[in-house]
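To keep things clear, I will list the structure first and then write my remarks on it.
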Amino acid sequence: MKNQQIAKIFSEIAELLELKGENMFRIRAYQRAAQNLDGLSKDVSGLSREELESIPGIGKDLAAKIREYLETGAIAKHEELKKEIPEGVLELLSIPGLGPKKAKMLHEKIKVKSIVELETAIRQGKLSGLPGIQKKTVDNILQGIELLKRGTERRLLGRVLPLAEDMVRRMKDGAPVGRIEVAGSIRRWKETVKDIDILTTSKKPEKVMDVFVKLPNVSRVLAHGETKSSVVTEDGIQVDLRVVEEESFGAALQYFTGSKQHNIKLREMAVRAGLKINEYGVFTEPGGKRKGGREEEDVYKALKLPYIPPELREDTGEIEAALEGKLPDLVTPDEIKGDLHVHTRWSDGSHDLGTIVEAARNKGYQYIAITDHTKGLGVAHGLDEKRLAEEMRVIDDANAKLTGFRILKGTEIDIRSDGRLDLPDSAIAALDIVVASIHSGFKQTQEQITKRILSAIRNPFVSVIAHPTGRLIGEREAYAIDMDTVLKEAAKYGVAMEINANPLRLDLNDYHIKMALGYGVPLVISTDTHVTTQFDFMAYGVSVARRGWVEKKDVLNALPVELLMKRLNACRANKAKRVKAAS
DNA sequence: GCCGTTTTCGGCCCGACTGTTTTCAGTCG
């Protein structure tokens, strides 16, 4: 798909125009178009001129530019701008606190063309005497450069969420706060986040702010105001705190949860309905009469919309669905009845069966599937045919002593680099569930990888494909997989795709999940637990599922155990029939 | 540059904090 490439060029054009000081609405038009292209599920290369222009934010001119790129591989306007403004000047915009106006001025007055050059210029004192720049501004730029060097990349939700919750706890303990909640992309459960947004109410805002900027893990205070403060923690994460009145808490929570695009669309709707929405509430316009804002629902109600859960607020069709009364009834954590991907000490897990079962029962589950690795994974003490059979006998014994809980007999079978499974069919035929996944040959071509997964899907006993892209967020790229082909095949055979709940994996991701639902592929949400505490990863898995518009009916492990077994057996029967028909 | 059941022209989401200013521009979210 060329969408992302074109989106990138559009946003670069926007930045270049900013540096030129062009009309800001024109700049916004490019930014908006870039965002919409980035989130578009259809490939633009197949679209006609009319279809292009029907994309929100794309008009005659930008449609022509998209076609220009598709035909020539470049956009003339973009190339011209790049000639005018050296590439390094763009990089100045990435310095926090330094925007287009100052970057432009620095480039024009002292010919700075990169961050390195800017640093040198500062050390040589070349910035003194420039209009609007005094010592404080110079200090801020230097600190901004430091911040940038320490890494401003997006961080794993699984790392940041616990930090955010910890800060909320400390604020509750040490400051006179009323309602307090984490907002921003954390609340939308985005897989990676840039900063932490916390929102609270208080009768003594100044006191709250004083406590906040002095929290023990704060290393720098960026802003310290009456209602808004920003700090950077020792880990280099920015945390913003806002204090609002009780009557505004809902509106503020809605506002600071975002996404930006979602909110802009709501506000545009509000303007058309003669209303004004800001972080303090919903107001009539003109007149300014308050129509609500204490609760988040007030905002949606004012626009005659049902409540839209945070995970859906990405402006990817949720507002349109809400208008039509077609919002999904999203799956919830307490609808999950069991975990279908769990390891024990038999392979690379940390606990014996008893400990794992006890932890699962404490989570309130009705069942788990034990899915230890197979022999191909030597490092994980993978099981051969004989040990797998032994493990299954142990599980049978354990089941005989359990009431109200069932251990499903399973395995996470390795899909070898040649595409064959790691154990013969005879070894896995009697299992309740077979989860297949790739652990080697990540560098293979898309054709090879896809072929391996397809052959696993067609195996008569495989019922789930685990962590289907193999990515480790921020550490390892997904392998080259033709997801479209894989999902179609999975739908055909009734094989489920896993949403791996480990915050480092989270694949399928929200985008692929939507694709899977479109093809009618069954889903499972599993934690891939190796240590009992990892059962708690389920919250991440369910949230990604929700971001992918998943309902309870789409999730196999939201079924009670009898129905789950029925589905798994039906999948096998279906495969057997297909194999017979083919022969 | 986009967009329209007020408009094909004239709007375009909205507010807080900082620093350098004597009333506001720049930046951010």
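The values are calculated or read from the model by the stated rules, or taken from the named source; none is laboratory data. Just so it is clear, the structure is predicted and the values come from calculations on it, not from any experiment. Note that we place each Cβ from the backbone using ideal geometry, even for glycine, and neighbour counts take in every protein chain shown.
Values for this structure:
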| quantity | calculated |
| --- | --- |
| Test: residue in region A:29-37 that is within 9 Å of DNA strand B (Cβ to nearest atom), modelled with pLDDT of 85 or more, more than 23 Å from the chain's Cα centre (by Cα) and outside any loop (DSSP other than H, G, I, E, B) | yes |
| Residue list for region A:1-42, filter: polar (S, T, N, Q) and within 15 Å of A:Leu90 (Cβ to Cβ) | A:Ser11, A:Gln31 |
| Where a residue in region A:256-282 is under 20 Å from A:Thr200 (Cα atoms) and its partner, wherever it lies, is at pLDDT below 85 and within 7 Å of DNA strand B (Cβ to nearest atom), with Cβ under 9 Å and at least six apart | A:Ile277/A:Val271 |
| Per-region count, region A:191-221, residues within 11 Å of DNA strand B (Cβ to nearest atom) and among the acidic types (Asp, Glu) | 3 |
| Residues satisfying the stated conditions in region A:222-240, i.e. near DNA strand B (Cβ under 10 Å from one of its atoms), in contact (Cβ under 8 Å) with a residue 12 or more places away in the chain and under 17 Å from A:Gly184 (Cβ atoms) | A:Leu222, A:Thr227, A:Lys228, A:Ser229, A:Gln238, A:Asp240 |
| Some residue of region A:145-157 being within 11 Å of DNA strand B (Cβ to nearest atom) and within 30 Å of A:Ala539 (Cα to Cα) | yes |
| Residue pairs meeting the criteria (Cβ under 7 Å; at least 6 apart or on separate chains; first within 10 Å of DNA strand B (Cβ to nearest atom), in region A:126-138; second not hydrophobic (A, V, I, L, M, F, W, C)) | A:Leu130/A:Lys109 |
| Residue within region A:345-360 that is within 27 Å of the chain's Cα centre (by Cα), farther than 20 Å from A:Leu431 by Cβ, surrounded by 15 or more Cβ atoms within 10 Å (Cβ to Cβ) and touching a residue at least 12 places away in the same chain (Cβ under 8 Å) present | no |
| Odd one out for A:Glu246, checked against (1) surrounded by fewer than 16 Cβ atoms within 10 Å (Cβ to Cβ); (2) free of Cβ contacts under 8 Å to residues at least 24 places away in the same chain | (2) |
| So A:Leu17, is it farther than 30 Å from A:Gly129 by Cβ, surrounded by 12 or more Cβ atoms within 10 Å (Cβ to Cβ) and either touching a residue at least 40 places away in the same chain (Cβ under 8 Å) or in contact with a His (Cβ under 9 Å, 6 or more places away or on another chain) (or both) | no |
| Filter result for the condition that a residue is assigned to a helix (DSSP H, G or I), touching a Pro at 6+ places or on another chain (Cβ under 8 Å) and either surrounded by 17 or more Cβ atoms within 10 Å (Cβ to Cβ) or in contact (Cβ under 8 Å) with a residue 60 or more places away in the chain (or both), over A:Ile449, A:Ile453, A:Ile457, A:Ile395 | A:Ile453 |
| Contacts under 7 angstrom Cβ, first residue in region A:495-521 being touching a residue at least 24 places away in the same chain (Cβ under 8 Å) and on the phi < 0 side of the Ramachandran plot, partner outside any helix (DSSP H, G or I) and among the charged types (D, E, K, R), 6 or more apart | A:Asn500/A:Asp507; A:Asn500/A:Asp528; A:Asn502/A:Asp528; A:Arg505/A:Arg471; A:Asp507/A:Arg471; A:Asn509/A:Glu191 |
| Within region A:38-71, considering residues that are within 9 Å of DNA strand B (Cβ to nearest atom) and β-branched (Val, Ile, Thr), the one surrounded by the most Cβ atoms within 10 Å (Cβ to Cβ) | A:Ile58 |
| Failed item in (1) surrounded by 20 or more Cβ atoms within 10 Å (Cβ to Cβ); (2) in contact with a Gly (Cβ under 8 Å, 6 or more places away or on another chain); (3) not in a loop (DSSP other than H, G, I, E, B), with A:Leu517 passing the rest | (1) |
| Residues of region A:257-281 satisfying the condition of being near DNA strand B (Cβ under 7 Å from one of its atoms) and among the polar types (S, T, N, Q) | A:Asn263, A:Asn278 |
| Residues located in region A:362-392, provided they are in a helix (DSSP H, G or I) and either buried (at least 19 other Cβ atoms within 10 Å of the Cβ) or not polar (S, T, N, Q) (or both) | A:Gly378, A:Val379, A:Ala380, A:Glu385, A:Lys386, A:Arg387, A:Leu388, A:Ala389, A:Glu390, A:Glu391, A:Met392 |
| All helices (runs of 4 or more DSSP H) inside region A:44-126 with 3 or more residues being within 18 Å of A:Ser11 (Cα to Cα) | A:60-72, A:76-84, A:87-92, A:100-110 |
| Test: residue in region A:289-301 that is within 29 Å of the chain's Cα centre (by Cα), within 9 Å of DNA strand B (Cβ to nearest atom), closer than 27 Å to A:Leu330 by Cα and of a type in the set (A, V, I, L, M) | no |
| Yes/no for A:Ile6 being surrounded by fewer than 20 Cβ atoms within 10 Å (Cβ to Cβ) and among the β-branched types (Val, Ile, Thr) | no |
| Selection status of A:Lys126, surrounded by 16 or more Cβ atoms within 10 Å (Cβ to Cβ) and farther than 29 Å from A:Asn23 by Cβ | yes |
| Residue in region A:323-344 that is surrounded by the fewest Cβ atoms within 10 Å (Cβ to Cβ), counting only those that are β-branched (Val, Ile, Thr) and assigned to a loop (DSSP other than H, G, I, E, B) | A:Thr332 |
| Every residue from region A:537-581 that is farther than 14 Å from A:Lys492 by Cα, assigned to a helix (DSSP H, G or I) and of a type in the set (D, E, K, R) | A:Arg546, A:Arg547, A:Lys552, A:Lys553, A:Asp554, A:Glu562, A:Lys566, A:Arg567, A:Lys580 |
| Scan of region A:143-166 for residues that are part of a helix (DSSP H, G or I) and in contact with a Ser or Thr (Cβ under 8 Å, 6 or more places away or on another chain), ordered by number | A:Leu148, A:Leu157, A:Leu163 |
| Considering residues of region A:520-536 that are out of contact with any strand residue (DSSP E or B) (no Cβ under 8 Å at 6 or more places or on another chain) and part of a helix (DSSP H, G or I) only, the residue farthest from A:Asp352 (Cα to Cα) | A:Asp536 |
